[in-house]
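Some notes on the structure that comes next.
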Amino acid sequence: YRDIYLDKTSLLEGAREVIEELFGRSIQLAVASNKSGEFCRELLSHLGIDRFFINIMGGGDVVRPKPFPDMVNAVVMDLGLQPNEVIMVGDTVEDIRAGKAAGIDVYALSNGYHPLEKLIQERPRRILRQLRDLPRVLRVR
């Protein structure tokens, strides 16, 4: 995996534009991934987007991975925010469970890892059909 992940991994459609727009609106961004923290930081650097994130946290950076809230809690603390000031966007059941356990509103991305039906069962705050919907949704929040 280590030998191929940089060349075989790409951003979701529209992700770079969304990240740049949110960053331009002074919205603090962070990553909490169950992938190895070392891999995540290296990958986001390779993709040229690491500079947009205040914190990039991954597996091994905390004792318990998602769906436990430890990683999400650590990111929120690092941002200097309260859970009610944070939105988590995720595409897995584990993302939704971790965010909810941390007291954060979770927006589930339906075109990611888990199918829409599984995400709906977890009752996220909102379902995003595509990541490009996020900036508009945040304007009316």
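Only residues that are in a loop (DSSP other than H, G, I, E, B) and over 22 Å from E85 (Cα atoms) were counted across the range 95-129, and they come to 7.
When residues in the range 26-45 are screened for being open to solvent by 60 Å² or more (accessible area, probe 1.4 Å) and closer than 17 Å to F68 by Cβ, 2 of them pass. The set of residues in the range 26-54 that are out of contact with any Lys or Arg (no Cβ under 8 Å at 6 or more places or on another chain), free of Cβ contacts under 8 Å to residues at least 24 places away in the same chain and at negative phi comprises E38, C40, R41, L44, S45, R51. Only a single criterion out of (1) open to solvent by 30 Å² or more (accessible area, probe 1.4 Å); (2) in contact with a Leu (Cβ under 6 Å, 6 or more places away or on another chain) is not satisfied by K100, namely (2). Within the range 16-41, the set of residues being out of contact with any Ser or Thr (no Cβ under 9 Å at 6 or more places or on another chain), farther than 23 Å from E85 by Cβ and not in a strand (DSSP E or B) comprises R16, E17, G37, E38, R41. Among the residues of the range 46-71, those identified as open to solvent by 20 Å² or more (accessible area, probe 1.4 Å), closer than 20 Å to L12 by Cβ and part of a helix (DSSP H, G or I) are H46, D50, R51. Restricting attention to the range 72-83, which residues are in contact with a Gly (Cβ under 8 Å, 6 or more places away or on another chain) and either open to solvent by less than 30 Å² (accessible area, probe 1.4 Å) or at pLDDT below 95 (or both)? Hit for the range 72-83 is V72, nothing else.
The values are calculated or read from the model by the stated rules, or taken from the named source; none is laboratory data. Only a predicted model underlies this, so the values are computations on that prediction, with no experimental measurement involved. Reconstructed Cβ throughout: ideal geometry from the backbone, glycine too, with neighbour counts over all protein chains shown. Just so you know, the surface numbers come from the protein's heavy atoms only, side chains and all, with ligands and any DNA or RNA stripped out. Shrake-Rupley method; radii C 1.70, N 1.55, O 1.52, S 1.80 Å.
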